[in-house]
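Take a look at the structure below.
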Amino acid sequence: MIFTEWKDFKTDSEYYTKKSFEEEINDRFNAMYFEAGDQLPKYIWTDHYVVMVKNNTRMINDISFIKIPRHPECS
């Protein structure tokens, strides 16, 4: 399900608010996608990126953000 309003989420070591996410990514939030039953978003859209939320480990709940440009320039 896609949400256009921020929903706070947490891992075992971090609690993500809209403000903390925007500071980490250095871009403004637009929307986020959660799969049914998941506590963490799969994708977060910002003004300039689609951010994939990737699980780093299986034993603890730890994530990383992979930024993909929304409007890549063509050479």
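Values computed for the structure shown
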read-out	value
Identity of the residue in the range 50-65, surrounded by fewer than 11 Cβ atoms within 10 Å (Cβ to Cβ) and part of a loop (DSSP other than H, G, I, E, B), that ends up farthest from the chain's Cα centre (by Cα)	59
Contacts under 7 angstrom Cβ, first residue in the range 1-23 being of a type in the set (Ser, Thr, Tyr), partner part of a strand (DSSP E or B), 6 or more apart	4/31; 11/63; 16/9; 16/10
Candidate set: the range 36-49, residues that are in a strand (DSSP E or B) and more than 8 Å from the chain's Cα centre (by Cα); chosen: the one nearest to residue 18 (Cα to Cα)	46
Residue 8 charged (D, E, K, R) and more than 11 Å from the chain's Cα centre (by Cα)	no
Some residue of the range 13-28 being within 13 Å of the chain's Cα centre (by Cα), part of a strand (DSSP E or B) and of a type in the set (A, V, I, L, M, F, W, C)	no
Candidates 46, 11, 4, filtered to the one that is in contact with a strand residue (DSSP E or B) (Cβ under 7 Å, 6 or more places away or on another chain), polar (S, T, N, Q) and exposed (fewer than 12 other Cβ atoms within 10 Å of the Cβ)	4
Hey, residue 72 surrounded by 14 or more Cβ atoms within 10 Å (Cβ to Cβ) and part of a loop (DSSP other than H, G, I, E, B) or not	no
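Conditions (1) of a type in the set (A, V, I, L, M); (2) modelled with pLDDT under 95, marked per residue:
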{"site": "4", "(1), (2)": "no, no"}
{"site": "11", "(1), (2)": "no, yes"}
{"site": "14", "(1), (2)": "no, yes"}
{"site": "18", "(1), (2)": "no, no"}
{"site": "22", "(1), (2)": "no, no"}
{"site": "25", "(1), (2)": "yes, no"}
{"site": "28", "(1), (2)": "no, no"}
{"site": "32", "(1), (2)": "yes, no"}
{"site": "38", "(1), (2)": "no, yes"}
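The values are calculated or read from the model by the stated rules, or taken from the named source; none is laboratory data. What you see is a predicted model; the values in this text were computed from it and never measured. Cβ: placed from backbone, ideal geometry, glycine included. Neighbour counts: every protein chain shown.
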